[in-house]
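Student: My questions will all concern the structure given below.
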Amino acid sequence: MAKASEVKSGNILRFNGELTQVEEFLHRTPGNLRAFYQARMRNIKTGKLVEYRFRTDEEVTICRVETSDYQYLYEDGDFLVVMDVTSFEQFNIPKTLFGESIKFLKEGMNVIISFESEEPIIAQMPQNVELEITYTEPAVKGDTSTSALKYATVETGVEIKVPMFINQGDKVKVDTRTGDYVERVK
């Protein structure tokens with residue numbers, strides 16, 4: 001147990017039996033009233049935002065979270081099998097932790113996973129990934145100088161919008177959060 005004054009933004013707390021990540025933690029001293037800490041926290045499992053006022057001497061549970069790099073190996077039902085790159089130990093991670101960005105995941109890619117007492121709680125993809133275009137319509141001559149976009153399928157099977165000058169076999173950088181084309185990779 002720790003005091004509320006020891007909490008910092010980014011900490012993982014066990015709050016009302018649920019794991020929450022502190023997004024904002026402010027110290028307030030309103031006029032002639034007692035000081036308190038205003039916290040805005042996001043529930044890790046549901047994503048719901050929680051606001052709470054802690055007394056300065058209130059006890060809170062700060063969870064010990066270990067974050068490390070892992071390599072994605074293969075899919076196994078509702079789980080993804082990842083390997084610790086230092087100890088070569090393998091773990092099953094629920095697909096739901098990756099959210100929508102899972103569609104850009106390919107074998108051998110590095111991911112970041114956070115564990116709290118042997119339970120995976122947060123999984124993050126790299127911000128940008130390099131993928132090869134497996135199918136797209138060829139560009140019409142003279143149409144490549146405009147900012148028009150066309151659909152293209154990448155090697156993971158996802159369809160994205162790319163500029164007209166991108167051809168089949170090109171490698172492109174894709175933003176995993178939005179699914180947008182970033183740039184062509186040489």
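Student: Among Gly47, Gly31, Gly77, which is the only one that is at pLDDT below 95, within 30 Å of Pro126 (Cα to Cα) and not assigned by TED's automatic domain parsing to the domain that holds Glu118?
Tutor: Testing whether each residue is at pLDDT below 95, within 30 Å of Pro126 (Cα to Cα) and not assigned by TED's automatic domain parsing to the domain that holds Glu118 leaves just Gly47.
Student: Take the residues in region 55-75 that are within 19 Å of Glu118 (Cβ to Cβ), within 16 Å of the chain's Cα centre (by Cα) and not polar (S, T, N, Q), then tell me which one is surrounded by the most Cβ atoms within 10 Å (Cβ to Cβ).
Tutor: Among those residues, the one meeting the criterion is Tyr70.
Student: Follow-up. May I ask you to list pairs of residues, at least six apart or on different chains, whose Cβ atoms are under 6 Å apart, with the first in region 153-167 being at negative phi and free of Cβ contacts under 8 Å to residues at least 60 places away in the same chain and the second being among the acidic types (Asp, Glu) and assigned to a strand (DSSP E or B)?
Tutor: Qualifying pairs under 6 Å: Thr153/Glu159; Glu155/Glu132.
Yes/no per residue for (1) in contact with a strand residue (DSSP E or B) (Cβ under 7 Å, 6 or more places away or on another chain); (2) aliphatic (A, V, I, L, M):
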position	(1), (2)
Lys103	no, no
Asn110	yes, no
Ala123	yes, yes
Asn128	yes, no
Leu149	yes, yes
Thr153	yes, no
Gly157	no, no
Asp175	yes, no
Glu183	yes, no
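Student: Restricting attention to region 36-54, and to residues there that are more than 20 Å from the chain's Cα centre (by Cα) and surrounded by fewer than 13 Cβ atoms within 10 Å (Cβ to Cβ), which single residue is nearest to Phe115 (Cα to Cα)?
Tutor: Among them, the one singled out is Glu51.
Student: If we scan region 14-27, do we find a residue that is at pLDDT 90 or above, of a type in the set (S, T, N, Q), in the same structural domain as Pro120 (by TED's automatic domain parsing) and surrounded by 15 or more Cβ atoms within 10 Å (Cβ to Cβ)?
Tutor: Within region 14-27, none of the residues are at pLDDT 90 or above, of a type in the set (S, T, N, Q), in the same structural domain as Pro120 (by TED's automatic domain parsing) and surrounded by 15 or more Cβ atoms within 10 Å (Cβ to Cβ).
Student: Could you check, for region 44-66, whether at least one of its residues is of a type outside the set (S, T, N, Q), assigned to a strand (DSSP E or B) and touching a Cys at 6+ places or on another chain (Cβ under 7 Å)?
Tutor: First, the residues of region 44-66 that are of a type outside the set (S, T, N, Q): 44-45, 47-55, 57-60, 62-66.
Among the residues that remain, those that are also assigned to a strand (DSSP E or B) are: 49-55, 59-60, 62, 65-66.
Subset that is touching a Cys at 6+ places or on another chain (Cβ under 7 Å): none.
There is no residue in region 44-66 that is of a type outside the set (S, T, N, Q), assigned to a strand (DSSP E or B) and touching a Cys at 6+ places or on another chain (Cβ under 7 Å).
Student: Also: Return only the number of the condition from (1) part of a strand (DSSP E or B); (2) free of Cβ contacts under 8 Å to residues at least 12 places away in the same chain that Asn32 does not satisfy.
Tutor: (1)
Student: Restricting to region 97-119, name every residue that is touching a Lys or Arg at 6+ places or on another chain (Cβ under 9 Å) and surrounded by fewer than 14 Cβ atoms within 10 Å (Cβ to Cβ).
Tutor: If the condition is that a residue be touching a Lys or Arg at 6+ places or on another chain (Cβ under 9 Å) and surrounded by fewer than 14 Cβ atoms within 10 Å (Cβ to Cβ), then Glu100, Ser117 are the ones that fit.
Student: For region 92-103, state whether one or more residues are under 18 Å from the mean Cα position of the chain (by Cα) and in a loop (DSSP other than H, G, I, E, B). Full working, then the answer.
Tutor: First, pick out the residues of region 92-103 that are under 18 Å from the mean Cα position of the chain (by Cα): 92-103.
When the remaining residues are screened for being in a loop (DSSP other than H, G, I, E, B), the result is none.
No, the conditions are met nowhere in region 92-103.
Student: Exactly one of (1) surrounded by 15 or more Cβ atoms within 10 Å (Cβ to Cβ); (2) of a type in the set (A, V, I, L, M, F, W, C); (3) within 27 Å of Gly10 (Cβ to Cβ) is unmet by Val182. Its number?
Tutor: That leaves (1) as the condition not met.
Student: Right, next: Among the residues that make up region 10-20, is at least one of them within 15 Å of the chain's Cα centre (by Cα) and in contact (Cβ under 8 Å) with a residue 24 or more places away in the chain?
Tutor: Narrowing region 10-20 to residues within 15 Å of the chain's Cα centre (by Cα): 10.
Among the residues that remain, those that are also in contact (Cβ under 8 Å) with a residue 24 or more places away in the chain are: none.
Checked region 10-20: no residue is within 15 Å of the chain's Cα centre (by Cα) and in contact (Cβ under 8 Å) with a residue 24 or more places away in the chain.
The values are calculated or read from the model by the stated rules, or taken from the named source; none is laboratory data. Being a predicted model, the structure only gives us computed values, none of them experimental. Note: ideal-geometry Cβ built from the backbone for every residue, glycine included; neighbour counts use all protein chains shown.
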